[in-house]
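Contents: one structure, followed by commentary.
The values are calculated or read from the model by the stated rules, or taken from the named source; none is laboratory data. Being a predicted model, the structure only gives us computed values, none of them experimental. Note: ideal-geometry Cβ built from the backbone for every residue, glycine included; neighbour counts use all protein chains shown.
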Amino acid sequence: MNSEKDISELVNELNLKQQKIAQELLSGNQQMRTLAKRVWRVQEDERKHIARELHDGVGQLLTALINQLQQMHKEGLPDPKELDEALNLARQALSDTREISRLMRPRILDDLGLIPALQWLARVMGEKNHIQIQLHQQLSVSLDDETQTLVFRVVQEAITNAIKHAEATHIDITVIATERMLVIKIKDNGVGMTKEALESSEGFGLSAMRDRVAAFGGQLMVESKPNKGCEIKVIITGAISNGDSSV
């Protein structure tokens, strides 16, 4: 009897464990599906943003250029002043197109690697917005292409947020990478955010950054107070190096 009771209890225990495992698997699958959907949504949002920039920026410039050239054609030989205006519009359109293209995927990231790309980003964003952006880096290992892209995108989004929403005038970027850990810190001197704003910060790109970092098994943390600036910290642990000792 005792033997049958022991067997029955063992079977019940096994059934409970199986149910728990099944629930964990289901929960994990749901989380993965949610993550995938959010990643796809981020990608679509990026495509919409690029399309809007091309349409509203370059599109309007090129439309104005075409109109000017057509008017010049109707009137015969172009007036030097009008021709100069048309050329200026064309140059601005070309400049905007190249900037959008570089921000979408800077060739320097593929050709020279992460640090030159971050240096370029800090210089361009700093000069364009008349703010100070300082980069501090300590990379003792070479990062794989996907991780380099992750770091670049996190820094790019954080700088954009600091300029657009926080009205920052100074931004410090720190990137540290060892064989077992990657740390990214972006600190600004902007207006900061309340606790409530942090908890509902979907519009600031934090949700998209968290999803990107989570896909790499990392964590993103934000510390901010009103008028005290904001610090975004990303920590990824595990095998970071791609096997090459060079950076």
For Gly205: the one exception among (1) modelled with pLDDT under 90; (2) touching a Gly at 6+ places or on another chain (Cβ under 9 Å); (3) within 18 Å of His49 (Cβ to Cβ) = (2)
request  = Go through the stretch 99-116 and give me each residue that's assigned to a helix (DSSP H, G or I) and modelled with pLDDT of 75 or more.
outcome  = Glu99, Ile100, Arg107, Ile108, Leu109, Asp110, Asp111, Leu114, Ile115, Pro116
query = Is it the case that the stretch 84-96 has a residue that's within 26 Å of the chain's Cα centre (by Cα), closer than 27 Å to Arg153 by Cβ and surrounded by fewer than 12 Cβ atoms within 10 Å (Cβ to Cβ)?
reply = no
ask   = Checking Glu167 against (1) at pLDDT 90 or above; (2) surrounded by fewer than 13 Cβ atoms within 10 Å (Cβ to Cβ), which test does it fail?
value = (1)
